[in-house]
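Data first, discussion second: the structure below is written as structure tokens.
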Amino acid sequence: MCATCFIHPQNQTPTWSWHVELSSVPIDFGENGFAWLRGALSADQCAALKFTLLDFAVAAGRGGVRQIHQKSETIQELALQGELAILAQNLLQEPIHLVRSIFFDKTPQQNWLVSWHQDLTVTAAETFSAEGWGPWSRKENIIHVQPPLEVLQSMLTMRLHLDRATKQNGCLKVIPRSHLGGIVRSELSAKEVNAVFCEAEVGDILLMSPLLWHASSKAIEASSRQVLHFEYSNHRCATDLAWPALEIA
């Protein structure tokens with residue numbers, strides 16, 4: 001996302017009910033492709049979310065549950081009306097829509113690694129033919145498509161950590177400034193990059209561009225690493241793709 005997609009917090013009256021420091025977010029995000037909101041949600045809030053997610057065990061062989069907001073009223077409220085929706089509203093120019101949500105649950109039984117990549121697809125209600133859109137795919141019966149670069153640049157990913165994330169339990173790692181190169185088709189070698197490990201405490205939110213190169217290793221210790229992943233956009237294509245709009249009063 002370009003830095004101009006952000007509303008500078010100092011020029012706007014905050015509307016959220018909990019304390020998070022936003023003043024450095026536009027600079028960090030614009031320069032590095034990611035930024036942190038430490039302690040955005042409390043441990044009690046995260047524990048309540050983990051309890052809600054007990055009903056959504058990750059299927060064997062899969063890393064997460066796609067479109068979790070469509071399967072849980074609690075998560076839908078969080079993403080479209082609650083704390084994360086309010087945060088998105090204060091960071092992006094309106095109107096804002098939710099592109100996608102995923103519940104990741106890395107455990108000793110569901111342990112996986114992800115090689116270096118960019119998040120280059122979005123969801124869609126149906127397929128269509130338009131210049132710059134494609135290829136198309138279907139994942140767990142959900143239509144996905146690679147959109148034009150400008151759509152990806154309009155997006156903001158939020159990763160809410162419900163558990164501690166460390167090198168030992170397979171936290172995300174990113175390559176700062178790698179979002180500035182746009183869509184890159186070639187693969188990256190881990191030996192060629194200087195990665196930053198995104199270690200987090202419960203309640204921390206990592207903000208990142210989908211164009212930022214990122215990866216994660218297998219966990220080497222037996223601990224849970226649950227993350228709620230949300231993608232937001234202020235692009236004009238949202239209505240045509242049936243992305244739900246925020247519902248903040």
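Annotation: extensible slack from ILE220 through GLN70 equals 50.8 nm (criterion: 0.36 nm per residue apart, minus Cα-Cα distance).
Its alpha carbons give region 128-212 an Rg and a Dmax of 15.6, 44 Å. Taking the empirical scaling 2.2 N^0.38 Å for compact globular proteins as reference, region 40-166 has a Cα radius of gyration ratio of 1.14. Dividing the Cα radius of gyration of region 29-241 by its Kirkwood radius returns 0.93 for Rg/Rh.
Couplings 3J(HN,Hα) of region 72-84, computed from phi: 9, 5, 5, 5, 4, 5, 4, 7, 10, 10, x, 4, 6 Hz, in residue order, whole Hz [Karplus 6.51 cos²θ - 1.76 cosθ + 1.60, θ = phi - 60°; x for Gly and Pro]. For the chain, a crude dipole built from +1 on the beta carbon of Lys and Arg and -1 on the beta carbon of Asp and Glu, taken about the Cα centre, is about 720 debye to the nearest 20.
A Förster radius of 35 Å, combined with the Cβ-Cβ distance separating ARG185 from ALA125, puts the computed FRET efficiency at roughly 0.80. Residues in region 157-167 carry Karplus couplings, in order, of 9, 10, 10, 8, 8, 8, 10, 5, 10, 9, 4 Hz; the curve used is 6.51 cos²θ - 1.76 cosθ + 1.60 with θ = phi - 60°, and Gly or Pro positions show x. In terms of Cα to Cα distance under 24 Å, which lysines are near enough to LYS167, apart from those fewer than 8 places away along the same chain? Within the straight-line cut-off, LYS167 pairs with LYS50, LYS106, LYS191, LYS218.
The convex hull defined by the C-alpha atoms of region 29-115 has an orientation-averaged projected area of 7.3 nm².
Each distinct pair of alpha carbons in region 179-249 adds a 1/r term; the inverse of their mean, the Kirkwood radius, is 16.1 Å. With springs only between Cα atoms under 10 Å apart, run a GNM on the chain and tell me which of ILE183, ILE143, ILE86 wobbles the most. Maximum among the listed residues: ILE143.
Close amide H partners of VAL99, meaning residues 5 or more places away or on another chain with modelled amide H under 5 Å apart, are GLU231, TYR232, SER233.
Each value in this text was obtained by applying a stated rule to the coordinates, not by laboratory testing. What you are looking at is a predicted structure, and each value in this text was computed from that prediction instead of being measured. Positions of Cβ are generated from backbone atoms using ideal geometry, with glycine treated the same way; all protein chains shown enter the neighbour counts.
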